[in-house]
Amino acid sequence: MSKEGKQQFLKVLRDIKVPDGYSSNISRCVNVDQSKISGLKSHDCHILMQQLMPLALRGLLPDEVTSVLFDLCGYFRELNAKVLHINELEKLEERIIMTLCRMEMIFPPGFFTINVHLVLHLATEARIGGPVCYRSMYFVERYLGVLKSTVRNKARPEGSIAESVLAKESMHFCSTFLDGFQTLSNRLSRNDENDESLGCSARHASTLFPHPGKPLGKPSSYVLRALAKLQAHRYVLFNCSYVDPYLRAHAEEIIKKGTRHRARHRDVEKIQNEKFHLWFRSYIMQLESENGIHGVKDDIRWLARGPVEAAKRYRAFNSRGFRFRPKRLDRVTQNSGVVLTAKTSSYASASDGKPVLGDVTYYGRIIDIIELNYSGKFSVVLFKCEWVDVISKRGIMKDKYGYTLVNFSHLIHTGENIVHEPYIFPNQADQVFYAEDEEHPGWYVVNKMKPRDIYDTGCDE
């Protein structure tokens, strides 16, 4: 690599922001002027090899060199996954042979030491011994460092370590009999969402919606304006299974009131977006007047009345092993990236009356984390996001390496129109982080995250 290429490679590593807890602050280890990287921890080296190197090398080397390095990074990324499948490991065993052969055509013979040859057997070793994370020496090395730090008398290091271990195990044994205190035996995980000291959103959660997660920090006051209030309330209604019968009844009423031509699906969607919340409120109030308050479920009654204007805004939120923050708080880390796969109706033309329902993956960033208050009876937490235009394909593309790139200058569902949907539930979002692509200015490479402390055990027994 040339000097300019090295500086561009290090500049990407210095400027990249990753989610909280993903790695240490690698930007501190990068010196762009001297073209040096120093002070990396073992975990940071793995993150650099598996995730960050493909982002930083884009466009700096010939394609034949870049592709083989990307294959090598992908090999280690799949090998170090928390969940391994035997059939995938067998494919890795075959693929790494071709990868090393391609590397021999590029790199000099002196590069291929015994450590490089060891890479050939790592997939076979994982197939025999199980996931790498359970056989690594990281936790052993960390514990050895803890033991070394307990030495007070250097003339008797073994005695110092034995005394400290005995004291620690005694305290740990006693802590198992203490209730109401956080100890080593009941300490919560970093992104825990089931704390007993949850705020208002958990104590007043509705039976209509699943447990959303755990808000972090002290909330601030937030006022929902007319359009934002309508969009947030409508999203809650349209994504509540208990409201589905009322949605179908409203759609049938629209069709019956139509003109001599049968109402198209698109027309029904438009009318429901604009008027369903009003029809739902008047319909529930009519049922109350006819059958009394016991004729309708309490949560449905309060849901039909809509949220009040006074809402809450949170600075962070834990959900499904992820920690989310609004975009404005992304300073050192990046916790605002979200991805959502949703069922979306697609039309062939403006006159098409038969939509095709399919899965569409949306990429965006969180702008706000708000909590709707339904008359003090229950509350619902929503993420307000800015979404990349993936419908017209203006804001998304695939590069020659197979990575997904997005452009935030082309947005949809900005909230300016009544039919826009900028809100989602916390438990619907998966986390991603975006790295700016130096080869395509204005475009960002999408990197998907896996939830912390959550394992995919699959469906097999």
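The values are calculated or read from the model by the stated rules, or taken from the named source; none is laboratory data. Source: prediction; values computed, not measured. Reconstructed Cβ throughout: ideal geometry from the backbone, glycine too, with neighbour counts over all protein chains shown. Side chains are part of the model used for accessible areas, which takes the heavy atoms of the whole protein and leaves out ligands, DNA and RNA. Shrake-Rupley method; radii C 1.70, N 1.55, O 1.52, S 1.80 Å.
Roughly speaking, what is the stretch gain from E64 to R394, that is 0.36 nm per residue apart minus the C-alpha to C-alpha distance, in nm to one decimal? Working shown, then result.
Details: separation 330, 0.36 × 330 = 118.80 nm, distance 2.90 nm.
Extending this stretch completely gives an extra 115.9 nm.
What is the sum of charges, Lys and Arg at +1 and Asp and Glu at -1, for the other residues whose Cβ falls under 12 Å from the Cβ of W302? The partial results should precede the final answer.
Values: positive: R281, K297, R301, R305, K377; negative: E288, D298, D299.
Local net charge: +2.
Once the Cβ-Cβ distance between T150 and K82 is put in as r, and R0 is 30 Å, what FRET efficiency do you end up with, to the nearest 0.05? Numbers along the way, then the final one.
On the way: r = 31 Å, r/R0 = 1.04.
Plugging the Cβ-Cβ distance into 1/(1 + (r/R0)^6) gives 0.45.
Ranked highest first by the average count of other Cβ atoms within 10 Å around their residues, in what order do 1-7, 299-305 fall? Don't skip to the end; give the middle numbers.
Details: 1-7: 11.9, 299-305: 19.3.
Top to bottom by mean Cβ count within 10 Å: 299-305, 1-7.
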To the nearest 10 degrees, the tilt of helix 114-129 (Cα long axis) against the first principal axis of the alpha carbons of the chain is 50
For the chain, the per residue accessible area (1.4 Å probe, Å²) is 58
Note on the chain: contact order normalised by length, alpha-carbon pairs under 8 Å, 6 or more apart, percent, works out to 15
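Rounded to a whole number of µm²/s, how large is the Stokes-Einstein D of the chain at 10 °C and 1.306 mPa s, given Rh as the Kirkwood radius over C-alpha pairs? Before the final figure, lay out each step's value.
Numbers: Rh = 26.4 Å.
The calculation lands on 60 µm²/s.
What's the carbon and sulfur percent of segment 80-130's accessible surface, probe 1.4 angstrom, rounded to a whole number? Walk me through the intermediate numbers first.
Working: 2150 of 3380 Å².
Ligands and nucleic acids excluded, carbon and sulfur reach 64 percent.
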Summing +1 per Lys or Arg and -1 per Asp or Glu among the other residues with Cβ less than 14 Å from G415's Cβ gives +1
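Estimate the FRET efficiency between K256 and N427 by the formula 1/(1 + (r/R0)^6), using the beta-carbon distance for r and 41 Å for R0, to the nearest 0.05. Please report the intermediate quantities before stating the final value.
On the way: r = 36 Å, r/R0 = 0.88.
E between K256 and N427, to the nearest 0.05, is 0.70.
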With Cα coordinates, the longest principal axis of the chain makes an angle with the long axis of helix 3-15, in degrees rounded to 10, of 50
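Order the peptides 27-35, 42-50 from the highest to the lowest mean number of other Cβ atoms within 10 Å of their residues. Walk me through the intermediate numbers first.
On the way: 27-35: 14.1, 42-50: 16.0.
The packing order, highest mean first, is 42-50, 27-35.
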Here the residues of segment 19-42 lying in the modelled label zone of S136, meaning backbone nitrogen under 20 Å from a point 7 Å along Cα-to-Cβ, are 19-29, 38-42
